[in-house]
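See below for the structure under consideration.
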Amino acid sequence: MNLIYNSEQYSVVEFGADEERDALRFGGYEIMDKPSKREIFIGGAMAESFRQNVRELIASEPNEEEIDDFLGNYDPMMNQPLTFH
């Protein structure tokens, strides 16, 4: 588990690939919207697609606002309330 992005708006944690777990075959990502206190976990093919989109985004040398805008595309899918342990 690696924290790969952290801003005032979002945090993204990457989970390594695990061939024995279908949801983590390609790894996975937890995207957290801090102000809304919501999150989503994406795994499988969606995680692979997210990884590719992030690579393309990073290649353009984005600023924090552009990264947050990209992550905002996942807001409609964030149904899980964010809880701290």
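Taking the Cα centre of the chain as origin, sum charge times position over the Cβ atoms of Lys and Arg (+1) and Asp and Glu (-1), and report the length of that vector in debye to the nearest 20. Before the final figure, lay out the partial values.
Details: 7 positive and 18 negative charges, 58 e Å.
Dipole magnitude for the chain comes out near 280 debye.
Given axes a ≥ b ≥ c from the Cα gyration tensor, I'd like to know whether region 2-81 is rounded (a/c under 1.5), prolate (a/b larger than b/c) or oblate. The shape class here is oblate.
Taking amide H as placed 1.01 Å from N in the peptide plane, the amide H of Leu82 sits under 5 Å from that of Arg38, Glu39, each at least 5 places away or on another chain.
With θ taken as phi - 60° and the Karplus curve 6.51 cos²θ - 1.76 cosθ + 1.60 applied, the whole-hertz 3J(HN,Hα) list for region 50-64 is 4, 4, 5, 5, 5, 4, 5, 5, 4, 4, 8, 6, x, 8, 4 Hz, x standing for glycine and proline.
Where a number appears in this text, it was derived from the coordinates with a stated rule and is not lab data. Since the structure is predicted, the reported quantities are computational estimates derived from the model, not experimental observations. When we count neighbours, we look across all protein chains shown, and the Cβ atoms used for this are built from the backbone with ideal geometry, even at glycine.
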